[in-house]
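Here's the structure, in structure tokens; my notes come after.
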Amino acid sequence: MNYSEIKYCDIANGEGVRTSLFVSGCRRHCPFCFNEEAQDFAAGKPFDAVVEDAILESLEPEYVDGLTLLGGEPMEPENQRGLVGFVERVKDCFPSKSIWCFTGDV
């Protein structure tokens, strides 16, 4: 899985202060997509253990309310494979922090 961007101390993508992970890859190609460059699964950089650890570290401060997943499309099968274990790590480390997911799935 690749990601197109990470926003630390983000206040635009969920309640409170968050870390937002924009995954790459989306097959929907919605008209007027706000993040069209992230539709390509190859866009951005690899989501690896170093990136996971950096995001976990960013969630440590008490003022950070949680993690937001968006994209691209977090629910694409390729992205689910990359995110499930990571989301489990987040919940293990920070059980009181919220995880938001913006998706086109219904």
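The values are calculated or read from the model by the stated rules, or taken from the named source; none is laboratory data. Treat the numbers as computed from the prediction; the structure is a model and nothing was measured. Neighbour counts are summed over all protein chains in view; Cβ atoms, including those assigned to glycine, are modelled from backbone coordinates with ideal geometry. Heads up: the accessible areas ignore ligands, DNA and RNA and are worked out on the full protein's heavy atoms, side chains in. Shrake-Rupley method; radii C 1.70, N 1.55, O 1.52, S 1.80 Å.
Points worth noting:
- Under the condition of being out of contact with any helix residue (DSSP H, G or I) (no Cβ under 9 Å at 6 or more places or on another chain) and not polar (S, T, N, Q), the residues counted in the stretch 86-100 number 6.
- Neighbours by Cβ (under 7 Å, 6+ apart or cross-chain): first from the stretch 78-106, of a type in the set (Val, Ile, Thr); second open to solvent by 60 Å² or more (accessible area, probe 1.4 Å) and not in a helix (DSSP H, G or I): 103/75
- Filter result for residue 8 (surrounded by 13 or more Cβ atoms within 10 Å (Cβ to Cβ), out of contact with any Leu (no Cβ under 7 Å at 6 or more places or on another chain) and in a strand (DSSP E or B)): yes
- Among the conditions (1) closer than 26 Å to residue 28 by Cβ; (2) surrounded by fewer than 17 Cβ atoms within 10 Å (Cβ to Cβ), residue 66 misses just one, which is (2).
- Meets criteria (open to solvent by less than 80 Å² (accessible area, probe 1.4 Å) and part of a helix (DSSP H, G or I)) for residue 14: no
- Some residue of the stretch 34-47 being of a type in the set (A, V, I, L, M) and part of a strand (DSSP E or B): no
- Residue within the stretch 69-85 that is in a loop (DSSP other than H, G, I, E, B) and farther than 19 Å from residue 5 by Cβ present: no
- Filter result for the condition that a residue is farther than 15 Å from residue 4 by Cβ and either surrounded by 18 or more Cβ atoms within 10 Å (Cβ to Cβ) or in contact with a Phe, Trp or Tyr (Cβ under 9 Å, 6 or more places away or on another chain) (or both), over 24, 58, 20: 58
- Annotation note: Cβ proximity below 7 Å between a residue of the stretch 2-29 that is over 17 Å from residue 86 (Cα atoms) and a residue that is in a strand (DSSP E or B) and aromatic (Phe, Trp, Tyr) (sequence gap 6+ or interchain) occurs for 14/100.
- Residue that is nearest to residue 23 (Cα to Cα), among those in the stretch 69-99 that are among the charged types (D, E, K, R) and open to solvent by less than 40 Å² (accessible area, probe 1.4 Å): 73
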